Amino acid sequence: MRVLITGAAGHIGGHVTAALLAAGHDLVLTDLLPVTEPRAARVHTGDLQDPALVREAMAGAEAVVHLGAIPHPNDTDPSTLFAHNCLTAHRVFEEAGRAGVRRVVAASSMAAVGLAWSPVPVSPSYVPLDEAHPSVLRDPYGLSKAALEEVARTAHRRWGLDAVCLRLPFTGTGDRLGHFLDACAADPAGQRHDLWGWLHTLDAAEAVRRALETELTGCHVVNVTAADTTSALPSAELMARHHPGVPLRSGLPDHASLFDTAACTELLGFTPRRTWRTAGAERRT
């Protein structure tokens, strides 16, 4: 399948590129930064805000993986962050629809709920947190990801393309993951708004591949997280300490994730399998 990947130079983009090449897909890559991948059919360097660039990169694509976005809040100019992420998402979905692309997989974020980057203390309405959890948004980055999901729904209605928006938590491997785990060990409260969620980047790449290849129709928002938390403390204890009184919709055995990933298993036939607890070496690989 000819697949366009936006944001191919990023941390997740590099792993997705490797996974899709290994699966035999024909790739077109684009990023604001130069991408060196001799196995790609084409590489385009430029800004996704440029309609000509997106249209040229989209030529011949059968599917799109949209990863290109500002990946975290920009406190100096939140309006620019919001405008950029919304414009590029709309540009990619719009051009995909016009080009007759049948499947778009987009990187949304757990921040779309509104917990992760909230400027004030906030707790979930319940855990495990599923895709139907009500919005508590207060920050521009999370708002831009919620807008991306609405852009996907609109593109599905307008163009008939199928879309999967993957809500990802912190995603890492190697030292990037190790530093995040170390930060949690030093101060579990520092990740209370993240609900101690995480995902190994190889599992993120596999989720993208499954979302591309699985037979499905419609527009879907899917939580994708590791089965455990980033903390050595039991999940029930984390909730009691940092989110007291939040209803539990199911039991929280041991270090179970505080996110409901049933839709990922049911829709994509995939459950993230990597955990830093039982294979310590994976923490840095």
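The values are calculated or read from the model by the stated rules, or taken from the named source; none is laboratory data. This is a predicted model, so every value here is computed, not measured. Positions of Cβ are backbone-derived with ideal geometry, glycine not excepted, and every protein chain shown enters the neighbour counts. The accessibility values were calculated without ligands, DNA or RNA, using every heavy atom of the protein model including side chains. Shrake-Rupley method; radii C 1.70, N 1.55, O 1.52, S 1.80 Å.
Please turn the phi angles of the stretch 27-38 into ³J(HN,Hα) values with the Karplus equation 6.51 cos²θ - 1.76 cosθ + 1.60 (θ = phi - 60°), one per residue in order, whole Hz, x for glycine and proline.
Working through the residues one at a time gives 10, 10, 10, 9, 6, 5, 9, x, 10, 10, 8, x Hz.
Kindly write out, for the stretch 212-228 in residue order, the coupling ³J(HN,Hα) from the Karplus curve 6.51 cos²θ - 1.76 cosθ + 1.60 (θ = phi - 60°), rounded to whole Hz, with x marking Gly and Pro.
So the Karplus estimates, Gly and Pro as x, are 6, 9, 5, 6, 7, 9, x, 10, 10, 10, 9, 6, 10, 9, 4, 6, 10 Hz.
With the cut-off at 1.5 for a/c, could you classify the stretch 1-66 from its C-alpha gyration tensor as rounded, prolate or oblate? Working shown, then result.
Working: a/c = 1.82, a/b = 1.27, b/c = 1.43.
Taking the square roots of the gyration eigenvalues as a ≥ b ≥ c, the stretch 1-66 is oblate.
With the Cα gyration tensor of the stretch 141-194 giving a ≥ b ≥ c as the square roots of its eigenvalues, does the rule (a/c under 1.5 for rounded; else a/b larger than b/c for prolate; else oblate) give rounded, prolate or oblate?
Values: a/c = 5.23, a/b = 2.63, b/c = 1.99.
Note, shape of the stretch 141-194 comes out prolate.
Determine the dipole magnitude for the stretch 150-285: charges of +1 sit on the beta-carbon of Lys and Arg, -1 on that of Asp and Glu, nothing else is charged, the reference point is the Cα centre, and the result goes in debye to the nearest 20. Walk me through the intermediate numbers first.
Values: 15 positive and 16 negative charges, 40 e Å.
That gives a dipole near 180 debye.
Work from the charge dipole of the stretch 109-168 (Cβ charges, +1 for Lys and Arg, -1 for Asp and Glu, about the Cα centre) and give the residue of Ala152, Ala116, Leu137 farthest towards its positive end.
Checked the options; the winner is Ala152.
In what sequence, highest mean first, do 15-24, 194-203 appear when ranked by Cβ atoms within 10 angstrom? Could you put the intermediate results ahead of the total?
Details: 15-24: 17.4, 194-203: 24.0.
Order by mean packing, descending: 194-203, 15-24.
Nearest 20 debye, what's the magnitude of the dipole of the stretch 16-159 about its Cα centre given +1 on Lys and Arg Cβ and -1 on Asp and Glu Cβ?
Details: 12 positive and 16 negative charges, 84 e Å.
It comes to approximately 400 debye.
Between Cys219 and residues 5 or more places away or on another chain, which pairs have amide H atoms under 5 Å apart, with H built 1.01 Å from N, and which residues are they?
Amide H neighbours of Cys219, under 5 Å, 5+ apart: Ala163.
Assign unit charges at the C-beta atoms only (+1 for Lys and Arg, -1 for Asp and Glu), then state the dipole size of the chain relative to its Cα centre in Debye, rounded to the nearest 20.
Numbers: 25 positive and 31 negative charges, 60 e Å.
In debye, rounded to 20, the chain gives about 280.
Carbon and sulfur: what percent of the chain's accessible surface (1.4 Å probe)?
Values: 6530 of 11880 Å².
Summing carbon and sulfur atoms, their accessible area is 55 percent of the total for the chain.
Antiparallel versus total DSSP beta bridges in the chain: what percent is that, nearest 5?
Given both bridge residues lie in the chain, the antiparallel proportion sits at roughly 5 percent.
Run the 1.4 Å probe and let me know the accessible area of Ser108, rounded to the nearest 10 Å².
Spelled out: Ser108, probe radius 1.4 Å, area about 10 Å².
Where does the chain land at 222 nm, in deg cm²/dmol rounded to the nearest 500, when only DSSP H runs of n ≥ 4 count, each adding -39500 (n - 2.57), divided by all residues? Intermediate results must be reported in sequence, preceding the final value.
Details: 8 runs with 102 residues, N = 285.
One gets -11500 deg cm²/dmol as the mean residue ellipticity at 222 nm.
Classify the stretch 26-142: rounded, prolate or oblate, from the alpha-carbon gyration tensor (a ≥ b ≥ c, eigenvalue square roots; a/c under 1.5 rounded; otherwise prolate if a/b is larger than b/c)?
Working: a/c = 2.42, a/b = 1.86, b/c = 1.30.
Here the stretch 26-142 falls in the prolate category.
Convert each backbone phi in the stretch 179-196 into a coupling constant with the Karplus relation 6.51 cos²θ - 1.76 cosθ + 1.60 (shift: θ = phi - 60°), then list the ³J(HN,Hα) values in order as whole Hz, x for Gly and Pro.
Values per residue, Gly and Pro as x: 5, 5, 5, 4, 4, 5, 4, 6, 8, x, 4, x, 10, 5, 6, 7, 6, 6 Hz.
Give the Rg (one decimal place) followed by the Dmax (whole number) of the stretch 31-100, computed from C-alpha coordinates and expressed in Å.
Reported Rg and Dmax, both Å: 13.0, 38.
Using only the alpha carbons, work out the radius of gyration and Dmax of the stretch 185-285 in angstrom.
Taking only Cα atoms of the stretch 185-285, I get Rg and Dmax of 14.7, 44 Å.
In the stretch 168-285, if the dipole is taken from +1 on Lys/Arg beta carbons and -1 on Asp/Glu beta carbons about the Cα centre, which of Gly174, Val221, His200 is farthest to the positive end?
Comparing the listed Cα positions along the dipole, Gly174 ranks first.
Any idea of the accessible area per residue across the chain, 1.4 Å probe, to the nearest Å²? Working shown, then result.
Details: 11880 Å² over 285 residues.
On a per-residue basis, 42 Å².
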